[in-house]
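First comes the structure, then the notes that go with it.
The values are calculated or read from the model by the stated rules, or taken from the named source; none is laboratory data. Remember, it's a predicted structure, so these values are computed and weren't measured experimentally. We place every Cβ from the backbone using ideal geometry, glycine too, and count neighbours over all the protein chains shown. The protein model used for the area step is the full one, side chains on, heavy atoms only, and it has no ligands, DNA or RNA in it. Shrake-Rupley method; radii C 1.70, N 1.55, O 1.52, S 1.80 Å.
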Amino acid sequence: MRFGMLKALVSATTSLRAAGGILLLACAGTAPALAQTSDLVSKTAFRVCADPANLPMSDRSGAGFENKIAALMASRLGLPLEYKWFPMATGFIRKTLQANDCDVVIGYAQGDELVLNTNHYYTSAYVLIVASGGPLDGVTTLADRRLKDKRVGIIAGTPPATHLARNGLMPKAKGYHLMVDRRYEDPADEMLADLESGAIDAAILWGPIGAPLVKASHPSLKVTPLLSEPRPPKLFYRITMGVRQGEKVWERKLNSLIRRNQAEIDAILTAAGVPLLNDMGTGPLEAQH
């Protein structure tokens, strides 16, 4: 699975603490240096850094929801869409964005220090996935007594694991790999297959991954965003586009594009089945309108 996105989610709290230092470093640079960095952005194509085998987010065929958002942005800029394909595993940012082979990562968690974040264009959360109509249907929190002695699937090292441990659910939990090249290993699909076979009783996945997979291929399963955990770490995150550090002109241009095309972006995400939340992660997006 999507190591770049999940790594950003896992490290978001640390990144937010470091954000002040990053800002100071950026401000300490000279204007010519910033201008030189901004000049790295292509003026002849909308160049996107993406994983070639990363559905429901992206793939070479363009079927992912991030592919569709990228196509929307390119059309609004009047530029052809080009990709630098690289698996979202260790080194993704270094070998794509930082190598100047592309200019934007379409989905990146707010606060991660490897990139300069645009304004966020959606908020989502980790989700609990169970058999629809089964004994765990209706569970909305990991403290629910119905989860006691149940085997829960979890991506190792992700924020929900802390909540599983706090609620005594780790001894029977089944872990799935975080750092993978999805061309060869697919933890999310494996977890959902295990849930349908009865090998596990519930699954926890990042919502923009798990919910679209369930919508597309697992009609017998039910998805519930985890919005009721009272203690940290948080399980909701704001998702941005990521650009190279120092590229403030490009960041502002993308911010303007996001703002002017938010309705179309929301429609793409909704069609894919991504759980969209209000900015505070307390309820569905429509609750704030």
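Residues of the range 157-203 that are small (Gly, Ala, Ser), in a loop (DSSP other than H, G, I, E, B) and within 16 Å of the chain's Cα centre (by Cα): Gly157 alone.
Screening the candidates Ala156, Ala161, Ala202 for the property of being closer than 14 Å to Ile129 by Cα and either charged (D, E, K, R) or open to solvent by less than 60 Å² (accessible area, probe 1.4 Å) (or both) yields one hit, Ala202. Among the listed residues Arg260, Arg238, identify the single one that is farther than 30 Å from Leu164 by Cβ and of a type outside the set (Phe, Trp, Tyr). Result of the check over Arg260, Arg238: Arg260.
Cβ-Cβ distances below 9 Å connect the following pairs, each with a first residue in the range 152-173 that is within 18 Å of Ser197 (Cβ to Cβ), a second residue that is basic (Lys, Arg), and a separation of six or more residues or different chains: Val152/Lys172; Val152/Lys174; Gly153/Lys174; Ile154/Lys174; Lys172/Lys150; Lys172/Arg151; Ala173/Arg151.
Residue-level analysis places Ala18 among those that are at pLDDT below 95, surrounded by fewer than 16 Cβ atoms within 10 Å (Cβ to Cβ) and within 18 Å of Asn117 (Cα to Cα). Scanning the range 216-228 for residues that are touching a Pro at 6+ places or on another chain (Cβ under 8 Å) and part of a loop (DSSP other than H, G, I, E, B) yields a single hit, Leu226. Being in contact (Cβ under 8 Å) with a residue 24 or more places away in the chain, assigned by the TED database to the domain that holds Lys215 and buried (at least 18 other Cβ atoms within 10 Å of the Cβ) is a property that Val105 lacks. You will find that of Arg231, Arg238, Arg252, the residue that is in a strand (DSSP E or B) and either among the acidic types (Asp, Glu) or open to solvent by 50 Å² or more (accessible area, probe 1.4 Å) (or both) is Arg238 and no other. Screening the range 267-280 for residues that are at pLDDT 95 or above and open to solvent by 40 Å² or more (accessible area, probe 1.4 Å) and picking the one that is farthest from Pro56 (Cα to Cα) gives Ala267. Counting the residues of the range 55-75 that are exposed (fewer than 15 other Cβ atoms within 10 Å of the Cβ) and assigned to a helix (DSSP H, G or I) gives 1.
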